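Okay, structure first, notes after.
The values are calculated or read from the model by the stated rules, or taken from the named source; none is laboratory data. Just so we're clear, the structure is a prediction, and the values are computed from it rather than from any experiment. Backbone-built Cβ (ideal geometry, glycine too); neighbour counts: all protein chains shown. Side chains included, ligands, DNA and RNA excluded: accessible areas come from the protein's heavy atoms. Shrake-Rupley method; radii C 1.70, N 1.55, O 1.52, S 1.80 Å.
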Amino acid sequence: MRIHITYTGGTIGMIESDHGLVPGADMRGWLRRLLGESDELHDGDVTFTELDPLIDSSNATPDNWQTMIDDLWAHRDEADAFVVLHGTDTMSYSAAALSYALTAFGKPVIFTGSQHPLGKIESDATANVTGALNAALSGHAKGVSLFFGHHLFAGNRVTKASSWAFEGFCSPSTGTLACTGTPWQWEPFDNPGEGWTNPKPYARHDVAVIDTVPGMSAKRLATMLDPLPEAVLLRAYGVGNIPSLEPGFADVIAGTLDAGVPVIVASQCEQANVLLGRYETGDAIAKAGAVGTGDMTLEAAYAKIIFLLSQGLGGAELSAWMGRSIAGEITLESN
């Protein structure tokens, strides 16, 4: 088994500085020592790329997603499986983004990172990296997944749930793919999707992500949408409800849709199934053309909007694709 590791930065490889944690650990040397203790993998079985510059994942952009994709494709024929070392803050965004762009990749890609730098005695780095490598060696992993805290998740079904716990990620709607143990416990892996042939590269796009809150006025919403973005991801309540009694609130959303800007409605609930029109408070925007995210995570929905915009889609065409599965990111029966 040949494995390629792409190191993007993140807490796992950080060191202390006068300004807090910054990238700087000897990741290549650490991995070499780790592999030296393995009976299954040896240094020659693993290739390694260190992206330049290394970043804190809080600084990640769609351009960084594309850099990862380009590196994976550059080494596709040299390896049987791939591991991406990434910061935890936006790892679930990156995993979702790569899942859409790599439906034709044909080899498993596993994201991982750590809550503590590898140099800390209490670090979870070793457990997470060896877990990701074991998932790669298993032959069971498919598509893009994320390993963290003894669990393997589908990459476009996961969200960061804790800034400090070693089990820092969860998959609220679909659960885990596998759990470590002797032996590992694997769940049935069914990740349907239409795929995407020859995707265009990721690029930055202007997407407004807005939370509704009690007492929010139509004037405030309108101001947040001026100038109009390319798309709106509105995080509403429950199954997609908005404050329908707030004068003009639904009208602002309808006007945005009339201007050709797709409005995608998500839920502020971690575990949710957006069903616009289930309540009167969501019916008006559903009739105006807003669409819900079904049981997608926020990260999967946002990355999907950026992906579709990067493919040149907009308006009603983009909205229609939000309800279709590209890489298993949405349960079609629930949408």
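List of remarks:
- DSSP bridge pairs, the chain: antiparallel proportion in percent, nearest 5: 30 percent
- Scanning the chain for GluC sites (Glu not before Pro) that sit in a DSSP loop and have at most 13 other Cβ atoms within 10 Å, the longest stretch containing none of them is 41-121.
- Separation in nanometres of the label points that stand 7 Å from Cα toward Cβ, at Arg278 and Asn59: 4.1 nm
- Length gained on full extension, Ala320 to Ala165: 52.1 nm, using 0.36 nm per residue less the C-alpha separation.
- Distant-in-sequence amide H partners of Phe169 (H built 1.01 Å from N, under 5 Å): Ala161
- Ellipsoid semi-axes in whole angstrom, largest first, where each is sqrt(5λ) of the Cα gyration tensor of the stretch 1-126: 22, 20, 11
- Between Thr197 and Arg2, the FRET efficiency estimated from the beta carbon spacing at R0 = 25 angstrom works out to 0.40.
- Counting only protein heavy atoms and a 1.4 Å probe, the stretch 36-113 has 39 square angstrom of accessible area per residue.
- Sequentially through the stretch 73-79, phi angles give Karplus couplings (6.51, -1.76, 1.60; θ = phi - 60°) of 5, 5, 10, 4, 7, 9, 9 Hz, Gly and Pro residues having no value and appearing as x.
- Relative contact order for the stretch 1-96: 49 percent, from Cα pairs under 8 Å spaced at least 6 residues apart, divided by residue count.
- Cα-Cα P(r), the stretch 198-335, percent of pairs per 10 Å interval: 13, 47, 33, 6, 0
- Contour excess over end-to-end distance, with Cα ends at Lys142 and Asp18 and 0.36 nm allotted per residue: 40.5 nm
- Taking amide H as placed 1.01 Å from N in the peptide plane, Asp80 has its amide H under 5 Å from the amide H of Arg2, Ile3, His4, each at least 5 places away in sequence or on another chain.
- Near Asp71: Cβ cut-off under 12 Å, other residues only, Lys/Arg at +1 and Asp/Glu at -1. The net charge is -3.
- Label-to-label distance, nm, for residues given as Asp251 and Cys269 (7 Å Cα→Cβ offset): 3.1 nm
- When DSSP beta bridges are restricted to pairs lying wholly in the stretch 141-281, around 50% turn out antiparallel.
- For the chain, built as a Gaussian network whose Cα springs stay under 10 Å, the top-fluctuating residue of Thr223, Thr90, Thr49: Thr223
- Part-to-part distance (alpha-carbon centres) for the stretch 201-230 and the stretch 159-180, which is given in Å: 29 Å
- Residue-wise HN-Hα couplings along the stretch 113-119, as the Karplus relation 6.51 cos²θ - 1.76 cosθ + 1.60 with θ = phi - 60° gives them from phi, are x, 7, 7, 10, x, 4, x Hz; Gly and Pro carry x.
- Computed over the stretch 111-172, relative contact order equals 29 percent, with contacts defined as Cα pairs under 8 Å that lie 6+ residues apart.
- Integer Hz, Karplus 6.51/-1.76/1.60 couplings in order for the stretch 239-251, x for Gly and Pro: 8, x, 8, 10, x, 5, 8, 6, x, x, 5, 5, 5
- Annotation: amide H-H contacts under 5 Å for Phe111 (H modelled 1.01 Å from N, sequence separation of 5 or more, or interchain): Val84, Ser145, Leu146, Phe147.
- For the chain, lysine pairs with C-alpha atoms less than 28 angstrom apart, excluding pairs fewer than eight positions apart on the same chain, total 13.
- Length released on extending from Lys120 to Asp39, taking residue separation times 0.36 nm less the Cα-Cα span: 26.7 nm
- Rounded percent of accessible protein surface that carbon and sulfur make up, the stretch 194-335, 1.4 Å probe: 52 percent
- The relative contact order of the chain comes to 15 percent, based on Cα pairs under 8 Å that sit 6 or more residues apart.
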